[in-house]
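Notes for the one structure printed next.
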């Protein structure tokens, strides 16, 4: 009775905790390790310190039992010194990181492959020969199966594969709309076919050999890490107006890339353009529904920042968004924004003017730290709350020199508010309106308007609030001419 009770308790413990569950059976044949799959369908090649040239048989025996070899297991050849691997046609799956960081130079996958999992051939810098992806392969993980293979010049897919195709050594979905995998040894220049609307994650992640890229005309989606650390890449064209999503890290550390964010973009992921030193300007549409942190960190060349007013969804400028953008001379946060994240404009040392909207309620820690503008305009009647009073909101160097324009009735409130109290030169907002009349008013009908920059060169009419100063010369039906200088906001 006591033995039966003990047996029941032990079985209950094993079932509940799993602590005594038997591990998968492993064995070695001819120097290759194998592991029995849980579903009993066969065995997979198991991790080992492999060297030389390996030919994996279609079946192996363990004792009296013969097993079919149906998979290459996770990390099976990872970091090994194997030089070549020939797989049997029985292998259906090559699992995660199977050849990751190995010394393999040649792999024959056989004809039975159905699935290539994430990172299966990633960072295999010596791999120069890879057999054709067979017709039966219906699943290639879109997260860098062939990432950073610098010796591989082409990826080929069987013509009758129903899911994928290769064009000039690059893998696409069968429709041609998604660019899936790029062999890093292919070339220094690459132009996407125009039918491509999606660039997959890790498509060229850390491809330092790529020098010129041409984006497709119909591009809509750039997935995460697509071009991260393509440090030598320049673009022969700009990002198209069809683009809607730029995911996290998409262009992170593309240090010589010169592109602008089109107004069509609805989502920009975290660090999408950080350390892109050469962006000529930064444009933020009011149609954004997602804006990640540190998006434009260390964009050193951009002199112009345009943020559209009255955003539909995003009400906050995220943490560290423009930190280190040290060529910006003017920061205009338009109406509709309610919050500025911590360090959002930290180290924007050349900024001479900051204009903040009436809707602004909170400002994060050191949001404008090290910036010492000459003019600060704050349109909010209630002083925006500074969330951390241990760090100066602006550089201490401007506390006595900057002119701060605020609503006249709120001057005393600003002088008493945390962090705002340190400024000494407050003026009523009515003294700063950004418009200077040159000629008198007229009652006649306007016939035409011509726009000029401050150098007197004629320019196109501004199409969106860019914060720049223009001259507008209006011709009236009675022959009168009126010229005004205005800030386009």
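Overview of values
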| quantity | calculated |
| --- | --- |
| Gyration tensor verdict on region 272-311 (Cα atoms; rounded if a/c is under 1.5, prolate if a/b is larger than b/c, oblate otherwise) | oblate |
| Spherically averaged projected area in nm², based on the convex hull that wraps the Cα atoms of region 24-186 | 8.6 nm² |
| Computed Kirkwood radius, in angstrom, where 1/r is averaged over Cα pairs of region 120-253 | 14.7 Å |
| Global geometry of region 177-336, whether rounded, prolate or oblate, following the gyration tensor of its Cα atoms and the 1.5 cut on a/c | prolate |
| Identified option (computed Rg and Dmax of the Cα atoms in Å; candidates (1) 24.8, 81; (2) 23.7, 76; (3) 31.0, 115) | (3) |
| Sorted peptide list for 246-253, 356-363, 187-194, criterion being average Cβ within 10 angstrom, highest first | 246-253, 356-363, 187-194 |
| Radius of gyration and Dmax over the Cα atoms of region 255-322, both given in Å | 11.1, 32 |
| Alpha carbon centroid spacing (whole Å) that separates region 247-280 from region 298-346 | 14 Å |
| Equivalent ellipsoid dimensions for region 236-294 as semi-axes, Å, which come from the Cα gyration tensor, largest first | 17, 14, 9 |
| The chain: angle of helix 2-17 to the longest principal axis, Cα-based, in degrees nearest 10 | 40 degrees |
| Global form of region 285-418, assessed from the alpha-carbon gyration tensor, a/c cut-off 1.5 | oblate |
| Helical contribution to [θ] at 222 nm, DSSP H n ≥ 4, -39,500 (n - 2.57), averaged over the chain, rounded to 500 | -1500 deg cm²/dmol |
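We did not get these values from a lab; they are worked out from the coordinates using the rules stated. Keep in mind that this is a model prediction, so the values were computed, not measured. When we count neighbours, we look across all protein chains shown, and the Cβ atoms used for this are built from the backbone with ideal geometry, even at glycine.
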